[in-house]
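Data block below; observations after.
The values are calculated or read from the model by the stated rules, or taken from the named source; none is laboratory data. Remember, it's a predicted structure, so these values are computed and weren't measured experimentally. No Cβ is skipped: glycine too gets one built from the backbone with ideal geometry, and neighbour counts run over all protein chains shown. Heavy atoms of the whole protein, side chains included, go into the accessibility calculation; ligands, DNA and RNA do not. Shrake-Rupley method; radii C 1.70, N 1.55, O 1.52, S 1.80 Å.
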Amino acid sequence: MKSSEIREKFLKFFESKGHTIVRSSPLVPGNDPTMLLTNSGMVQFKDVFLGLDTRPYSRATTVQRCVRAGGKHNDLENVGYTARHHTFFEMLGNFSFGDYFKRDAIAYAWELLTKVYGLPAEKLTVTVYQEDDEAYDIWANEIGVPKERIIRIGDNKGARYASDNFWQMADTGPCGPCTEVFYDHGAEIWGGPPGSAEEDGDRFIEIWNLVFMQFNRDEAGNMTKLPKPCVDTGMGMERLAAVLQHVHSNYEIDLFQALIKAAARETHTEDLESKSLRVIADHIRAASFLIVDGIIPSSEGHGYVLRRIIRRALRHGHKLGQTKPFFYKLAADLDKEMGTAYPELTDKLAYVQQVLKTEEERFGETLENGMKILEAQLVKDPHKLDGGTAFTLYDTYGFPLDLTADICRERGVTLDEEGFAAAMENQKRTARAAGKFKMAANVEYTGAKTSFVGYDQLVFDSAVIALYANG
Ligand code: ATP
Ligand code: MG
Ligand code: MG
Ligand code: MG
């Protein structure tokens with residue numbers, strides 16, 4: 001089943017259950033200054049959940065474009081390492097604003113998965129929040145899922161990708177217990193059911209999360225009840241496509257294969273399994289859609305998320321031996337795959353390519369030179385990259401810290417992040433003493449467009465802090 005059919009079946013199913021089809025909102029949330037980028041379907045409805053906004057409908061369904069490359073949900077470091085994470089992905093969702101609750105939400109999800117999409121029931125495992133007996137009973141007694149495939153999950157903080165059945169959009173805002181549906185891709189793939197010691201593997205892949213929105217968390221961490229209990233669900237379109245196309249990894253679905261082939265063509269790479277090709281294919285989607293939604297690469301905020309994504313892709317291109325601009329060309333291949341679903345991409349294609357190409361030209365030379373410095377340093381010490389070099393790469397060569405960290409991770413080298421922070425601090429002190437800001441080579445002053453908020457903000461913007469927080 002192709003992605004277009006998957007989207008359509010989802011929306012039509014929920015429309016038949018009285019839901020209004022609502023368009024995807026842009027990647028920059030219009031209603032929430034605390035949130036950098038839209039990370040889930042519920043973001044555009046946040047105020048409706050909080051009772052601050054009303055809509056002419058109490059049930060809605062969407063295919064929402066999302067980016068998870070910073071903030072509470074950050075998957076940048078997972079891309080290229082797992083079968084299921086992207087920076088940009090499409091989330092299929094259905095929402096109830098004080099209308100139906102757990103019973104209908106679960107029944108709809110089951111009907112859609114097993115009847116409309118035809119997934120074999122025995123391949124599905126579900127989780128419920130530890131104390132949520134109500135959800136447990138619905139799955140066990142009304143739907144008839146065998147008890148050995150209903151798993152209670154608390155606040156599981158152990159495993160790297162630990163399932164935790166209490167969903168939060170961010171540190172503040174609407175939240176609540178959830179129930180999730182996992183698909184078992186088979187014993188030949190390493191991994192165990194959610195909550196088990198092997199859950200970090202990719203055998204059981206989470207496909208759908210049904211959140212029972214009941215609380216609003218404030219800055220002090222206090223939870224108050226929402227005016228009405230609501231439902232917010234999200235299913236990754238690419239993960240469902242993998243299941244429906246009988247492949248394991250998201251990167252094997254039709255859409256990604258086309259992008260991977262295009263990336264191979266532009267980088268003259270024969271090995272289609274190359275991790276770098278997967279990263280490039282992922283990043284062309286995120287970068288292009290961020291540009292479509294009005295973001296341009298810069299040194300802070302949204303623009304820095306975009307810059308980090310583009311530069312990571314370029315570094316992977318470089319790793320594949322690419323020295324000339326290539327990344328921008330892939331936007332046309334993306335348009336072939338996604339332009340029908342997102343006409344705004346087709347409309348702005350030339351602009352997207354121009355923005356990407358400019359950033360490629362800007363970074364191309366410093367990337368080459370920075371890599372030489374990095375390699376030379378690693379010859380001196382093959383186990384550790386010192387903070388001073390990481391800072392030089394950042395400051396003079398425009399290497400975002402996460403890009404350097406990615407190279408170190410690939411090579412099993414420890415990155416001295418403390419040394420980096422110290423070098424940064426040192427430079428700030430010197431600049432202060434000199435009574436003026438010394439602008440770093442990779443930091444551009446965007447004049448009237450962005451207010452210059454000072455050096456701290458430029459460097460430690462929220463996206464970078466999130467990267468630190470996510471280790
Ligand atoms: P995971 O545990 O696999 O990281 P999650 O629990 O963080 O996923 P949710 O926040 O529950 O994901 O989001 C709802 C759904 O969106 C998930 O069940 C999944 O299908 C999809 N999804 C989440 N993150 C990604 C991603 N980075 N790339 C692709 N799909 C995703
Ligand atoms: Mg996640
Ligand atoms: Mg999860
Ligand atoms: Mg989840």
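Show me the three semi-axes of the equivalent ellipsoid for region 325-370, from the C-alpha gyration tensor (sqrt of 5 times each eigenvalue), largest first, rounded to whole Å.
Equivalent-ellipsoid dimensions as semi-axes: 26, 10, 6 Å.
For Glu365, put the label point 7 Å out on the Cα→Cβ axis and report which residues of region 372-406 keep their amide N under 19 Å from it.
Residues 372-374, 393-400 fall inside that zone.
Past 25 Å, Cα to Cα: identify those pairs from Lys17/Lys115; Lys2/Lys102; Lys12/Lys225; Lys46/Lys329; Lys9/Lys275; Lys17/Lys348, in the order given.
Distance filter (> 25 Å) returns Lys2/Lys102; Lys12/Lys225; Lys46/Lys329; Lys9/Lys275; Lys17/Lys348.
Based on the inverse mean of 1/r over its pairs of different Cα atoms, what is the Kirkwood hydrodynamic radius of region 361-428, in Å?
Mean inverse Cα-Cα distance, inverted, gives 11.8 Å.
Over region 338-417, with the other protein chains present, what is the accessible area per residue in square angstrom, probe 1.4 angstrom?
With all protein chains present, region 338-417 gives 46 Å² per residue.
Treating each Cα of region 1-125 as an identical point scatterer and ignoring solvent, apply the Debye formula and state log10 I(q)/I(0) at q = 0.14 Å⁻¹.
Debye curve over Cα of region 1-125, log10 I(q)/I(0) at q = 0.14 Å⁻¹: -0.72.
Rounded, prolate or oblate for region 143-300? Axes are the square roots of the Cα gyration tensor eigenvalues, ordered a ≥ b ≥ c, and the cut-off for rounded is a/c under 1.5.
Verdict is oblate for region 143-300.
Among 370-377, 86-93, 258-265, how do they line up by average Cβ neighbours within 10 Å per residue, starting with the highest?
Ranked from most to least packed, the peptides come out as 86-93, 258-265, 370-377.
On full extension of the chain, what length is gained from Glu15 through Ala376, given 0.36 nm per residue of separation minus the C-alpha to C-alpha distance?
Answer, rounded to one decimal: 124.0 nm.
At 222 nm, what value in deg cm²/dmol follows for the chain if DSSP H runs of at least 4 each add -39500 (n - 2.57) and the sum is divided by all its residues, to the nearest 500?
-12500 deg cm²/dmol
Can you tell me the convex hull volume per residue for region 315-429, based on C-alpha atoms, in Å³ to the nearest whole number?
130 Å³
Report the full-extension gain for the segment Lys275 to Lys357: residue separation times 0.36 nm, less the Cα-Cα distance, to one decimal in nm.
Answer, rounded to one decimal: 27.2 nm.
At q = 0.22 Å⁻¹, what base-10 log of I(q)/I(0) does the Debye formula yield for region 70-156 when every alpha carbon is treated as an equal point scatterer in vacuo?
Ignoring solvent entirely, the Cα scatterers give -1.18.
Listed highest first by mean packing, meaning other Cβ atoms within 10 Å per residue, what order do 51-60, 202-211, 230-239 come in?
230-239, 202-211, 51-60
Work out, step by step, the length gained on full extension between Arg432 and Glu198: first 0.36 nm times the residue separation, then minus their alpha carbon distance; give nm to one decimal.
The Arg432-Glu198 span can extend by a further 79.2 nm.
Report, largest value first, the span of the C-alpha coordinates of region 270-363 along each principal axis, in whole Å.
Result, largest extent first: 32, 31, 19 Å.
Beyond 29 Å, what share of the Cα-Cα pairs of the chain is found? Please give it as a whole percent.
In whole percent, the share of Cα-Cα pairs in the chain beyond 29 Å is 50.
Accessible area per residue for region 193-265 in Å², computed with a 1.4 Å probe and the full protein assembly in place, what is it?
Solvent-accessible surface per residue comes out at 37 Å².
Cα centroid distance between region 278-313 and region 163-202, in Å?
Here the answer is 27 Å between Cα centres.
Give me a comma-separated list of calculated 3J(HN,Hα) values for region 208-218, in order, Karplus coefficients 6.51, -1.76, 1.60 applied at θ = phi - 60°, integers in Hz, x for any Gly or Pro.
These are the phi-based 3J(HN,Hα) values: 9, 10, 10, 9, 9, 5, 10, 10, 10, 9, 9 Hz.
To the nearest µm²/s, what D does Stokes-Einstein give for region 110-203 at 20 °C and 1.002 mPa s, using the Kirkwood radius over alpha carbon pairs as Rh?
151 µm²/s
Would you kindly calculate the mean projected area, averaged across all directions, of the convex hull enclosing the Cα atoms of region 28-92, in square nanometres?
Answer in nm², one decimal: 4.9.
Summarise the accessible area of region 42-180 (1.4 Å probe, protein heavy atoms) by the percent that is carbon and sulfur.
C and S fraction of accessible area: 44 percent.
Leaving out ligands, DNA and RNA, what percent of the accessible area of region 201-301 is carbon and sulfur, probe 1.4 Å?
About 48 percent, which is the carbon plus sulfur part of the accessible surface.
Per residue, how many Å² of accessible area does region 1-84 show with a 1.4 Å probe?
I get 40 Å² per residue for region 1-84.
Of the peptides 324-330, 282-288, how do they stack up when ordered by the mean number of other Cβ atoms within 10 Å, highest first?
282-288, 324-330
If r is the Cβ-Cβ distance from Asp347 to Glu148 and R0 is 45 Å, what FRET efficiency results, to the nearest 0.05?
Approximately 0.30, to the nearest 0.05.
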